[in-house]
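Report on one structure; see the data block that follows.
The values are calculated or read from the model by the stated rules, or taken from the named source; none is laboratory data. In this text the structure is predicted, and so the values were computed from the model without any measurement. Positions of Cβ are generated from backbone atoms using ideal geometry, with glycine treated the same way; all protein chains shown enter the neighbour counts.
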Amino acid sequence: MIGARHHTSCSAEGCRAQISRGWFCKDHWFTLPLELRQAVLTAYNAARAAHCRAPRDDQEQLNRAYGVAFRDCQDHLRRAPRTPALSMSTVAIAADGARVTYADGRRL
C-alpha cells in the first residue's frame with residue numbers, strides 16, 4: 001500500500017506514545033543530549049548503508065555499534081527527568097544566518 005504509515009510506540013521505558021517514525025516520541029527525543037541523538041543517527045545510517053553491501057563482519061560490527069548507541073539513549077532516558085518538548089523553545093539558524101526561534105512547534 002503506497003502511503004501507508006507504520007505506527008509504533010516510543011522506545012522509552014514506560015512510554016506509550018504512538019510514533020510514526022524514529023525511535024522516541026518528541027518529548028523523549030528532545031530530552032536526549034545532542035551528542036546521543038547524533039550518535040544514534042550516525043550509527044543507524046552507517047548500519048543501513050552497509051546493509052547487503054559490506055562484508056558480513058563489517059555489517060555485524062556496524063549493527064553492534066548501532067545497538068550500543070540505541071541502548072545508550074535508553075539508559076540516559078531512564079536516568080533523566082522527562083521534559084515536555086512543548087515547553088521548550090528551539091533556536092535554529094536560517095540559510096541567511098538569521099536566528100529563527102520555534103516554540104510549541106511554531107515559528108516565533
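Here are some residues: Gly3, Gly14, Gly22. Which one is out of contact with any helix residue (DSSP H, G or I) (no Cβ under 8 Å at 6 or more places or on another chain), modelled with pLDDT of 80 or more and of a type outside the set (S, T, N, Q)? Steps first, please.
On the way: Gly3 fails: modelled with pLDDT of 80 or more; Gly22 fails: out of contact with any helix residue (DSSP H, G or I) (no Cβ under 8 Å at 6 or more places or on another chain).
Gly14 is the lone residue from the list that is out of contact with any helix residue (DSSP H, G or I) (no Cβ under 8 Å at 6 or more places or on another chain), modelled with pLDDT of 80 or more and of a type outside the set (S, T, N, Q).
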- Query: What are the pairs, 6+ residues apart or on separate chains, where a residue within the stretch 20-35 that is without any contact (Cβ under 8 Å) to a residue 60 or more places away in the chain and closer than 11 Å to Cys10 by Cβ has its Cβ under 8 Å from a residue that is among the aromatic types (Phe, Trp, Tyr) and part of a loop (DSSP other than H, G, I, E, B)?
  - Reply: Trp29/Trp23
- Query: Name the residues in the stretch 36-81 that are among the basic types (Lys, Arg) and either modelled with pLDDT of 90 or more or under 15 Å from Ala12 (Cβ atoms) (or both), would you?
  - Reply: Arg37, Arg64, Arg71, Arg78, Arg79
- Item | Counted residues, the stretch 15-57 - those being within 11 Å of the chain's Cα centre (by Cα) and assigned to a loop (DSSP other than H, G, I, E, B) | 9
